[in-house]
Amino acid sequence: MTLKFYQNLGKLFYAIAAVDYHVKKVEFDKLKELVQKNWLELDPIEDVYRTDAAYQIEIVFDWLYNQENLNTKACFDDFVTYKNEQKHLFTKPVKQLILKTAGAIAAAFSGINKSELIFLAKLDQELKNI
């Protein structure tokens, strides 16, 4: 794994939270919970500050949240481009964890709405194209 891997996951998870044009605090809280519970254990990579690289997911998500007029499609497309360039990083367990995390973020506020359901289907299809 690399820092760019986790940064692109931050973009992806932001895109799922923002696909309905509203990012709720509960969605960000769910992401933080899942980073702690699942993503920190994935590998021992650290950033330049000797912090687990998986925290890049939260950092990028938070940074994107504070931007104005951000295009969620562009965030998703950036993730897809990265995935296509680094296919070897997307093992079956990693793909399952990505889908689990995206689904949990989508369901965190009042269940999964139509926009989120369409997004999750697109993500599932993309991850099968490896």
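Taking residue 47, is it over 20 Å from residue 29 (Cα atoms) and modelled with pLDDT of 95 or more? Don't jump to the end; show me each part of the working.
Working: over 20 Å from residue 29 (Cα atoms): yes; modelled with pLDDT of 95 or more: no.
No, not satisfied.
For residue 130, only one of the following conditions fails: (1) β-branched (Val, Ile, Thr); (2) at pLDDT below 95; (3) assigned to a helix (DSSP H, G or I). What is its number?
Answer for residue 130: the failing condition is (3).
Please work out which one of (1) over 18 Å from residue 127 (Cα atoms); (2) surrounded by 15 or more Cβ atoms within 10 Å (Cβ to Cβ); (3) in contact (Cβ under 8 Å) with a residue 60 or more places away in the chain is the condition residue 78 fails and give its number.
All conditions pass for residue 78, except number (1).
For residue 2, state whether it is over 24 Å from residue 115 (Cα atoms), free of Cβ contacts under 8 Å to residues at least 24 places away in the same chain and among the hydroxyl-bearing types (Ser, Thr, Tyr).
Numbers: over 24 Å from residue 115 (Cα atoms): yes; free of Cβ contacts under 8 Å to residues at least 24 places away in the same chain: no; among the hydroxyl-bearing types (Ser, Thr, Tyr): yes.
Criteria not met by residue 2.
Got at least one residue in the stretch 108-129 being free of Cβ contacts under 8 Å to residues at least 40 places away in the same chain and either in contact with a strand residue (DSSP E or B) (Cβ under 9 Å, 6 or more places away or on another chain) or of a type in the set (Asp, Glu) (or both)?
Looking for residues that are free of Cβ contacts under 8 Å to residues at least 40 places away in the same chain and either in contact with a strand residue (DSSP E or B) (Cβ under 9 Å, 6 or more places away or on another chain) or of a type in the set (Asp, Glu) (or both), one finds at least one in the stretch 108-129, hence yes.
Of everything in the stretch 81-99 that's surrounded by fewer than 15 Cβ atoms within 10 Å (Cβ to Cβ) and of a type in the set (D, E, K, R), which residue is farthest from residue 11 (Cα to Cα)?
Across the stretch 81-99, the extreme among qualifying residues is 92.
For residue 37, state whether it is within 13 Å of the chain's Cα centre (by Cα), of a type outside the set (Asp, Glu) and in a helix (DSSP H, G or I).
Values: within 13 Å of the chain's Cα centre (by Cα): no; of a type outside the set (Asp, Glu): yes; in a helix (DSSP H, G or I): yes.
No.
One residue is enough: does the stretch 96-104 have a residue meeting the conditions at pLDDT 95 or above and of a type in the set (D, E, K, R)?
yes
The values are calculated or read from the model by the stated rules, or taken from the named source; none is laboratory data. Predicted model, so just to flag it, every value in this text is computed and none were measured. Here Cβ is always computed from backbone atoms with ideal geometry, including for glycine, and neighbour counts include all displayed protein chains.
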